[in-house]
Amino acid sequence: MDTSQMSRIQDDFDASLKTVEDARSLQDLKVRYLGKKGEVTGLMKEMRNLSNEERPAYGQKVNELRQHIDAAVEEKRAEIEAAALEERLKSETIDVTLPGRTFNIGSQHPISRIIEDIEDFFLGLGYEIQEGYEVETDYYNFEALNLPKSHPARDMQDTFYISEEILLRTHTSPVQARVLEARGGKEAVKIICPGKVYRRDSDDATHSHQFTQIEGLVIDKNIHMSDLKGTLELFAKEIFGGEREIRLRPSFFPFTEPSVEVDISCFKCKGAGCSVCKKSGWIEILGAGMVHPNVLRMAGYDPDEYSGFAFGMGPDRVAMLKYGIEDIRHLYTNDLRFINQFKQTEDGGETLESL
Ligand SMILES: [Zn+2]
């Protein structure tokens, strides 16, 4: 029996095993020796050529070689797996001393805040909040508000038309027209309508093609100009401080008669004159008036029985005045450096000095 071939095979195997570094080449090595066509399997096949006397000893030798290879392969496999696990644990280590992820808490946009303040005030006076459509019909945006197609005052509001009859609303007044119509000319109305409006304007520090409006409308029997004035006086004190006064100046709006511009005394200089009020001591803050009889009539109200007042203001302008914002575009460009200035502190207070 020639055992030198077995020794050579074992030496070859031992040498090859040393070069193995991964499970794949380990498996290949195992097949090379113990597979169906492997070298050790070949030795087994040779048993049939041996005499009965030689066979047991030879068989035992081959078996020992086989067991040696098997055991060495398994040992190597365990080593490779342990190394892989070690590698993985290293790469997946969690450093518990790292600081946690911080979540940014958002802040309310200054316009939303002004709108909510104004809504709160009017809700307290018993008004309802009504919202309408930003895409409107020409009828509700203009005609129902005493602005027929040929009316020159339409030029006051450069309009985004979608089609001949469909447009982006230029003011929140169509909400009023719709509510009046829905009430059928009989019920009293006491609403405010906040929302976005659109005008074809070249954007600059004081103009934006999109801005917000809040309009108010009160219709009932025996509503007078004095009711309007009293309401707006209360409003000015609530939003701009208890010492504010208001001043009415005659003006023109197609849907009110008479119409007024409303100024508040300057909250900055208290009337002495400063840059905010352009040295006048007064700040123009809203437009208002008694509802035009034609508007009442078109909605089915009898102007001899019902009267009312309406007012409109821009929360953008209120926010700019209140927070000292110099460019209206800051309100729409979503620059976090700007918006983060309006973060509320944990106790709900404001971080910017409230006026
Ligand atoms: Zn002033």
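The values are calculated or read from the model by the stated rules, or taken from the named source; none is laboratory data. Everything numeric in this text was worked out from a predicted model, so none of it was measured. Backbone-built Cβ (ideal geometry, glycine too); neighbour counts: all protein chains shown.
Checked against the criterion of being assigned to a helix (DSSP H, G or I) and touching a helix residue (DSSP H, G or I) at 6+ places or on another chain (Cβ under 9 Å), the candidates Glu74, Glu81 yield just one match: Glu81.
Checked against (1) touching a residue at least 24 places away in the same chain (Cβ under 8 Å); (2) touching a helix residue (DSSP H, G or I) at 6+ places or on another chain (Cβ under 8 Å), Arg244 passes all but a single condition, namely (1). For segment 261-295, which positions are among the β-branched types (Val, Ile, Thr), in contact (Cβ under 8 Å) with a residue 40 or more places away in the chain and near the ligand (Cβ under 8 Å from one of its atoms)? Within segment 261-295, Val276 is the sole residue that qualifies.
Tell me, yes or no, whether segment 218-225 has at least one residue that is of a type in the set (Asp, Glu), in the same structural domain as Tyr140 (by TED's automatic domain parsing) and in contact (Cβ under 8 Å) with a residue 12 or more places away in the chain. Before you say what the answer is, go through the steps one by one.
Here is the first cut: in segment 218-225, the residues of a type in the set (Asp, Glu) are 220.
Keeping just the survivors that are in the same structural domain as Tyr140 (by TED's automatic domain parsing) gives 220.
Right, trim to in contact (Cβ under 8 Å) with a residue 12 or more places away in the chain and you get 220.
Yes, the conditions are met somewhere in segment 218-225.
Just the residues that are in a loop (DSSP other than H, G, I, E, B) and either of a type in the set (Ser, Thr, Tyr) or outside the structural domain of Ser208 (by TED's automatic domain parsing) (or both), please, taken from segment 132-178. Talk me through it step by step, then tell me what you get.
Our first condition is that a residue be in a loop (DSSP other than H, G, I, E, B); within segment 132-178, this holds for 132-134, 142, 146-151, 157-160, 162-165, 169-172.
Selection gives Tyr133, Ser150, Thr159, Ser163, Thr170, Thr172.
Whether a residue is under 27 Å from Arg24 (Cβ atoms), outside any loop (DSSP other than H, G, I, E, B) and out of contact with any Gly (no Cβ under 8 Å at 6 or more places or on another chain) was assessed, and Arg55 does not pass this test. Residues that are touching a residue at least 40 places away in the same chain (Cβ under 8 Å), among the charged types (D, E, K, R) and not in a strand (DSSP E or B) do occur in segment 227-236, at least one of them. Take segment 273-295 and flag every residue that is modelled with pLDDT under 90, out of contact with any Lys or Arg (no Cβ under 9 Å at 6 or more places or on another chain) and among the aliphatic types (A, V, I, L, M). Selection gives Val295 alone.
Inside segment 163-217, can you point out the residues that are of a type in the set (Ser, Thr, Tyr) and in contact with a Ser or Thr (Cβ under 6 Å, 6 or more places away or on another chain)? Walk me through it before giving the result.
Narrowing segment 163-217 to residues of a type in the set (Ser, Thr, Tyr): 163, 170, 172-173, 198, 202, 206, 208, 212.
Result: Thr170, single match.
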